[in-house]
Amino acid sequence: MRWSQACRPGATALDLACGSGRHLRYLAQRGMQVTGVDRDEAAVAPLRELAEIILSDIENGPWPLAGRQFDLVLVSNYLWRPLLPQIVAAVAPGGWLIYETFAQGQQSIGRPARAEFLLQPGELLQACEGLRVIAYEDGFECAQTSSTEAAGVNGRFVQRVAAVRAPASSDGVFQRYALAG
């Protein structure tokens, strides 16, 4: 929701490792043409009415989106480093990459705790080479209590990026990417 400017009605969106479809549903409700990819057939079955669903084990099989690009590529709480180049390549000219997942430090408070599932400092930023980074964060996000005090419990270490691939032609027109607050 923070980068709602990336969610244009009629635009194409990819929700990678979509699971039960929390983000996919949000994007479809905003009028986007959504493609969801996940390996869990039971989780994605109810999403088939909302989006194009591709059932695929992207860690052990071929990349199921070869040659396809999207106006928005969304990845949340998922990391498989060998796919980072394909994920970035799936962003169409003028399109957005919004990516958020766990970072180093998470192992000190909970799961995931294995290094292969935790981004190293600056790693997501490096993966976005070739894109224009609009926003990047790498740190600890505190859980909020009902009184809006930072609780620390259920907090998490995360990296997140919002990045854009340059449009095919700018013709001297500069895109305005609003910084979300």
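The values are calculated or read from the model by the stated rules, or taken from the named source; none is laboratory data. Please read all numbers here as calculations on a predicted model, not as lab measurements. Positions of Cβ are backbone-derived with ideal geometry, glycine not excepted, and every protein chain shown enters the neighbour counts.
Report whether or not PRO93 is modelled with pLDDT of 95 or more, more than 13 Å from the chain's Cα centre (by Cα), assigned to a strand (DSSP E or B) and closer than 28 Å to ALA168 by Cα. For PRO93, the condition - modelled with pLDDT of 95 or more, more than 13 Å from the chain's Cα centre (by Cα), assigned to a strand (DSSP E or B) and closer than 28 Å to ALA168 by Cα - is met. Selection of first residues in the range 48-62 that are under 15 Å from ALA13 (Cα atoms) and of second residues that are surrounded by 15 or more Cβ atoms within 10 Å (Cβ to Cβ) and among the β-branched types (Val, Ile, Thr), restricted to Cβ pairs under 7 Å at least 6 apart or on distinct chains, gives the following pairs, ordered by first then second residue: LEU50/VAL34; ALA51/VAL34; ALA51/THR35; GLU52/THR35; ILE53/VAL44; ILE54/THR35; ILE54/VAL37.
Just to be sure I understand, how many residues within the range 29-52 are assigned to a strand (DSSP E or B) and either at pLDDT below 95 or surrounded by 15 or more Cβ atoms within 10 Å (Cβ to Cβ) (or both)?
Going through the range 29-52, the residues assigned to a strand (DSSP E or B) turn out to be 33-38, 52.
Now narrow it down to the ones that are either at pLDDT below 95 or surrounded by 15 or more Cβ atoms within 10 Å (Cβ to Cβ) (or both): 33-38.
So the count comes out to 6.
Among the residues of the range 71-83, the ones that are in contact with a Phe, Trp or Tyr (Cβ under 9 Å, 6 or more places away or on another chain) and outside any loop (DSSP other than H, G, I, E, B) come to 7 in all. Of note, PHE102 does not satisfy the criterion of being among the aromatic types (Phe, Trp, Tyr) and closer than 19 Å to LEU131 by Cα.
A quick yes/no check of all residues on (1) among the acidic types (Asp, Glu); (2) surrounded by fewer than 17 Cβ atoms within 10 Å (Cβ to Cβ); (3) closer than 21 Å to ASP38 by Cα:
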{"position": "ILE54", "(1), (2), (3)": "no, no, yes"}
{"position": "PRO62", "(1), (2), (3)": "no, yes, yes"}
{"position": "LEU65", "(1), (2), (3)": "no, no, yes"}
{"position": "VAL91", "(1), (2), (3)": "no, no, yes"}
{"position": "GLU116", "(1), (2), (3)": "yes, yes, yes"}
{"position": "GLY122", "(1), (2), (3)": "no, yes, no"}
{"position": "LEU131", "(1), (2), (3)": "no, no, no"}
{"position": "ALA135", "(1), (2), (3)": "no, yes, no"}
{"position": "GLY139", "(1), (2), (3)": "no, yes, no"}
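Is one or more of the residues making up the range 21-28 touching a residue at least 12 places away in the same chain (Cβ under 8 Å), under 24 Å from GLN159 (Cβ atoms), touching a Phe, Trp or Tyr at 6+ places or on another chain (Cβ under 9 Å) and surrounded by 21 or more Cβ atoms within 10 Å (Cβ to Cβ)? Scanning the range 21-28 turns up no residue that is touching a residue at least 12 places away in the same chain (Cβ under 8 Å), under 24 Å from GLN159 (Cβ atoms), touching a Phe, Trp or Tyr at 6+ places or on another chain (Cβ under 9 Å) and surrounded by 21 or more Cβ atoms within 10 Å (Cβ to Cβ). Of the candidates ALA89, ALA13, ALA66, ALA17, the single residue that is closer than 21 Å to ALA162 by Cα and in contact with a helix residue (DSSP H, G or I) (Cβ under 9 Å, 6 or more places away or on another chain) is ALA13. If you filter the range 93-114 down to residues that are closer than 17 Å to TRP3 by Cβ and in contact with an Asp or Glu (Cβ under 8 Å, 6 or more places away or on another chain), you find that the one that is surrounded by the fewest Cβ atoms within 10 Å (Cβ to Cβ) is GLY94.
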